[in-house]
Every structure is written in structure tokens, then in C-alpha cells.
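Trainee: Structure provided below as C-alpha cells; questions to follow.
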Ligand SMILES: C[S@@+](CC[C@H](N)C(=O)[O-])C[C@H]1O[C@@H](n2cnc3c(N)ncnc32)[C@H](O)[C@@H]1O
């Protein structure tokens, strides 16, 4: 049993640096607190949404990979190639220790990403598009690095929508950069820890560069 982090440290972070420090501090306890104790399942659901649309050898990026829960779910579902990016080095050390990721990079969603255009067949992101975390502007970069025809599967906080996402998602659709494949009903993403928190899973197909 590890000490739980008081999640107000995460929710009250005012800057990127404070949020990064909070996740660095949380890294050792994250999996046990969120997955085991809180019953978190966003990582499994973003993989389940994208799985029917991509081959086993599809090249995937886990955006905001944290400790690697999405990667574990992806490998468990039969995918063979997944990279990781996150701004917390301590969380990425946990991801690296799993031995399942290929390329692992420190990077900030919302800033230019150090990947070539059309690099990936799919991007997965769970628990990152939530208030105080990655800004909606990060979607343009994710669309850029996914090949036309590729997919982006992500959780989006539903009970407390992060600012700018609805408009950014609509703009990408109106601009012909992506099209909606499916969206789930809202679900309780941490039913045993924070039962008020709801997310939905969104799956988009990239059509062209944003
Ligand atoms: C709730 S955790 C989710 C981790 C993992 N995806 C999962 O589902 O277990 C959020 C992660 O997003 C990362 N993060 C938050 N904002 C970010 C940003 N702007 N750029 C990169 N990573 C970010 C944090 O460092 C943290 O590892």
C-alpha cells in the first residue's frame, strides 16, 4: 500500500511546471492509486475503441503516456509498436520500466512536437484532455503527426469539460482535417475514487494535415 497523493495537488497546479512536478511526485503511487484503488479504466477504453480499425503492426503514439497504462493495454490487445511522450520524466521512467515502448520522449502537448508529419497510424491519449492538463491547441499537432486515414482515440473530461476542446474539435471537422468515427456515452472513469468524474471516449479519423 502506497501513500495516496492528495489530488488537489494536481487539480490546483497553476502552471505547466507545477503540474509536471506534481506528476513527478505522484509517479511511484500512480498505478496503485488510480488503477487499483480508484478503478480507472480510460486506458483500456481508448485502446478498445481504436483496436478494430488498425492492424497489429500499426505504429502508435501514447500521448501523455504517464506510467504506461495505455501501452500495457495496447500490447495486451495485440498491438506491437507503441511510442510514448509525456512531460513528466518520472512518469516516463515508470513507462520505460515496463519494457513495452519503443521511442520514449519528453514533450509537451500544446507545444510543437518533435515528430515528423504523418509519422503515426494512430494516437492514443487517456486522462490528458482534462482541466489544467494539455490545452486544446495540442490537437492540431496530433493531427499533423498522424497519417491521413489514421486514427486518434482519446478520453475527454465530460462533467467538467476542459476549455477550448469543443471548439477545437469542431474546427478540425469543419476544416476537413478529421472526421468523427464514434463517441461513447459518458462513463465514470474513476468509479471507486472520484465517482463524480465522467469522461467520454472520442475516436476521430484524420483526413489531412490541420
Ligand atoms: C492522469 S495521467 C494519465 C496517464 C496515462 N495516459 C494513463 O491513462 O494512465 C496524465 C498524464 O498527462 C501528462 N500531461 C499532462 N499535461 C501534459 C502536457 N501538456 N504535455 C504532456 N504531458 C502532459 C502528465 O504528466 C501525466 O503523466
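Values in this text are rule-based calculations from the coordinates and carry no lab data. Note that the structure is predicted; figures quoted are calculated from it, not measured.
Trainee: Sequence gap at least 6, Cα distance under 8 Å: using those rules, report the relative contact order of the chain to the nearest whole percent.
Mentor: Relative contact order comes out at 20 percent.
Trainee: A further question follows. Can you pull the percent of Cα pairs in region 1-105 with separation above 25 Å?
Mentor: In whole percent, the long-distance tail amounts to 21.
Trainee: Please compute the length gained on full extension between residue 166 and residue 32, using 0.36 nm multiplied by the number of residues separating them and subtracting their Cα-Cα distance.
Mentor: Here the answer is 45.1 nm.
Trainee: Given the options 189, 173, 125, state which has the largest fluctuation in a GNM of the chain using a 10 Å cut-off (strictly under) for Cα springs.
Mentor: Taking springs between Cα atoms under 10 Å, the residue moving most is 173.
Trainee: Oh, and also: Based on the Kirkwood radius over alpha-carbon pairs, what value in µm²/s does the Stokes-Einstein equation return for the translational diffusion coefficient of the chain at 10 °C and 1.306 mPa s?
Mentor: 94 µm²/s
Trainee: Would you work out the relative contact order for region 35-111, in percent, from Cα pairs under 8 angstrom that are 6 or more residues apart?
Mentor: Once divided by the residue count of region 35-111, the mean separation gives 28 percent.
Trainee: Please tell me the relative contact order of region 170-210 in percent, rounded to the nearest whole number, where contacts are Cα pairs under 8 Å and at least six residues apart.
Mentor: 47 percent
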